[in-house]
1. Is there a residue being more than 30 Å from Asn115 (Cβ to Cβ), modelled with pLDDT of 80 or more, out of contact with any Lys or Arg (no Cβ under 6 Å at 6 or more places or on another chain) and not assigned by TED's automatic domain parsing to the domain that holds Ser109 anywhere in segment 146-161?
2. Report yes if Thr256 is of a type in the set (S, T, N, Q), at pLDDT below 70, under 21 Å from the mean Cα position of the chain (by Cα) and buried (at least 16 other Cβ atoms within 10 Å of the Cβ), otherwise no.
3. Return the residues of segment 94-115 that are within 30 Å of the chain's Cα centre (by Cα) and without any contact (Cβ under 8 Å) to a residue 40 or more places away in the chain; say none if nothing qualifies.
4. Take Val436 and tell me if it is β-branched (Val, Ile, Thr) and more than 23 Å from Pro267 (Cβ to Cβ).
5. Out of Leu358, Leu340, report the one residue that is under 30 Å from Arg208 (Cα atoms) and in contact with a strand residue (DSSP E or B) (Cβ under 9 Å, 6 or more places away or on another chain).
6. When you check Asp352 against the structure, is it at pLDDT 90 or above and either of a type in the set (Phe, Trp, Tyr) or farther than 26 Å from Leu266 by Cβ (or both), yes or no?
7. Can you tell me which residue among Asp368, Asp423 is at pLDDT 85 or above and not hydrophobic (A, V, I, L, M, F, W, C)?
8. If you take the residues in segment 264-318 that are of a type in the set (Lys, Arg) and in a strand (DSSP E or B), which one is modelled with the lowest pLDDT?
Amino acid sequence: MSGPLSFELHRSSNPTKEHATGRCYVLVPVVKSRAASSAASPSARTSAARLEEVAGLARAIELDVIGQGLVPVTTVRPATFLGKGKVDEIAGLLRIDDVGLVIVDAPLSPVQQRNLEKAWSAKVLDRTGLILEIFGRRARTREGSLQVELAHLNYQKSRLVRSWTHLERQRGGFGFLGGPGESQIEADRRQIQERVIKIEKELEQVKRTRGLHRSARQRVPYPIVALVGYTNAGKSTLFNRLTQADVVAADMLFATLDPTLRAVELPHGLKIMLSDTVGFISELPTMLVAAFRATLEEVLEADVILHVRDVSHEDTEAQAGDVVAILDDLGIDPADHHRLLEVWNKIDAVSDEGRHELFERAARRAGDERVALVSAVTGEGVDALLAEIEQRLVAHRMVIRITVPAADGSGLNWLYRHGEILDRRELKNGAIDVLVRMPPERLDETKRRFDLPPDLSTSEEE
């Protein structure tokens with residue numbers, strides 16, 4: 001079917017009523033006017049890339065995308081977002097293809113969503129609703145599930161509008177309260193608020209438990225290295241490559257939702273905790289950034305953050321910009337290049353010419369702005385990445401030479417647990433002479449434990 005929407009229709013050979021619940025249209029409004037543009041909040045990427053992304057999001061929850069297309073919008077309509085002609089045209093297509101779900105990649109107001117559902121006789125999801133649906137299916141841990149439910153309830157509460165006639169029915173008071181009763185919309189809002197309060201209390205308990213686990217890790221202590229990046233950038237595949245783990249890694253948007261931690265030993269013996277996190281996405285709703293802040297605690301506390309980029313994607317620069325913006329919202333300074341390390345992933349999927357250009361660009365990045373080029377699938381560049389992580393972690397560690405008495409076995413063990421032994425020699429009297437690299441926060445404790453002078457000079461190299 002052709003027309004101004006330029007749909008690519010993928011019809012099932014034998015469509016059935018039973019299958020219709022999973023059939024959907026994906027629409028990306030393309031706002032033309034500058035004034036309307038601010039209402040739609042389009043991302044920096046191309047319209048075609050936005051369409052590909054939202055269709056991928058729909059398929060990530062096993063929806064059958066029957067039609068997808070770009071919808072030109074001259075002026076955003078307060079009642080329906082789209083113009084009346086487009087609304088009527090889409091209504092006809094929905095009837096023809098027996099589609100009961102429409103995903104509109106735009107921030108629809110509750111009134112716009114309700115009016116479109118009425119005009120199309122179909123369920124309508126905006127971008128926030130779609131992402132919430134994906135998060136709901138992906139969450140596995142208790143905290144992840146609670147965070148999703150909290151965000152979903154807050155979203156639902158914002159959808160309770162007077163124009164939804166089924167919520168305007170009055171119902172009488174009950175029990176001893178009596179009174180004139182309350183409207184259905186007020187009752188629904190009250191029930192949602194009660195559930196929100198309960199979830200927030202449960203989350204506080206979960207956070208306390210996570211805090212205890214975090215304190216236990218800090219006593220080890222291993223540096224934390226966190227993987228972040230745009231959804232489907234290959235973080236979980238890289239995580240598996242570095243840890244030899246079997247975290248879910250699929251060519252699917254938001255394949256990972258709950259944070260995963262694994263211990264990894266770097267080339268010279270330094271151990272780290274590697275954390276895989278939920279993928280970021282453009283125009284991530286504010287309520288989701290807030291709801292998943294606890295899930296991203298490992299990122300906030302990380303000593304090194306690996307920003308994994310899919311350099312084979314046509315919109316890799318726009319995706320990188322979205323990730324940096326969210327990190328900035330979380331309070332992580334994008335200019336802290338020592339802490340933030342860009343990992344250019346999927347170089348195996350780039351042409352020979354493209355690879356040459358990437359390596360040339362990387363060669364021009366020096367110092368803390370260096371990047372790591374890898375293929376999480378083939379393993380190319382992974383050893384160099386691990387070496388770079390180690391170099392950044394030890395850059396601010398102090399090197400101290402300590403003589404440990406022969407009888408102080410526990411002291412020697414303490415140095416091995418909290419520092420990095422660079423050299424060890426046994427002296428004639430049985431004492432052990434060690435050259436150890438210590439993190440700055442352990443320096444004072446080290447001096448006290450081994451009775452070292454407070455003004456002991458240290459260096460990063462010896």
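The values are calculated or read from the model by the stated rules, or taken from the named source; none is laboratory data. Computed from a predicted structure; not experimentally measured. For neighbour counting, all protein chains shown are included, and Cβ atoms are generated from backbone atoms with ideal geometry for every residue, glycine included.
1. yes
2. Considered against the rule, which asks whether it is of a type in the set (S, T, N, Q), at pLDDT below 70, under 21 Å from the mean Cα position of the chain (by Cα) and buried (at least 16 other Cβ atoms within 10 Å of the Cβ), Thr256 comes out as yes.
3. Leu108, Ser109, Gln112
4. Considered against the rule, which asks whether it is β-branched (Val, Ile, Thr) and more than 23 Å from Pro267 (Cβ to Cβ), Val436 comes out as no.
5. Just one listed residue meets the conditions, Leu340.
6. Considered against the rule, which asks whether it is at pLDDT 90 or above and either of a type in the set (Phe, Trp, Tyr) or farther than 26 Å from Leu266 by Cβ (or both), Asp352 comes out as yes.
7. On inspection, the qualifying residue turns out to be Asp423.
8. The extreme case among them is Lys271.
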